[in-house]
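The values are calculated or read from the model by the stated rules, or taken from the named source; none is laboratory data. If you're wondering where the values come from, they're calculated on a predicted model, not measured in any experiment. Here Cβ is always computed from backbone atoms with ideal geometry, including for glycine, and neighbour counts include all displayed protein chains.
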Amino acid sequence: MKFDTIVIGGGMAGLSAALRLAEAGQKALLMASGQSALHFSSGSVDLLESEGDPRAALPALMAANPHHPYG
């Protein structure tokens, strides 16, 4: 298989990068070591409490929590 981009790391940054690349039409391969947390729980927890695109709520999250690791 051929890919436009290989993203190494399945953390928040890697997942976000792979998602944006896929949305931009690139074939992205996401590589991560170990066992994914999806093996234990395929659900997600809504921390942003927003409707629609969760990325729209990120500026408010960062403003309210400037020291948050994802800020």
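Checking each residue in the stretch 40-59 for being at pLDDT 60 or above and over 22 Å from Glu23 (Cβ atoms) picks out Phe40, Glu49. When the residues of the stretch 8-21 are filtered to those that are at pLDDT 90 or above and surrounded by fewer than 14 Cβ atoms within 10 Å (Cβ to Cβ), the one that is nearest to Pro54 (Cα to Cα) is Arg20. Contact map, the stretch 3-25: first residue more than 26 Å from His68 (Cα to Cα), second residue loosely packed, with under 14 Cβ neighbours inside 10 Å and not aliphatic (A, V, I, L, M), Cβ cut-off under 7 Å, separation 6 or more or different chains; pairs are Phe3/Lys27; Asp4/Gln26; Asp4/Lys27; Thr5/Gln26. Only one of the numbered conditions (1) assigned to a helix (DSSP H, G or I); (2) modelled with pLDDT of 75 or more is not met by Gln26, and that is (1).
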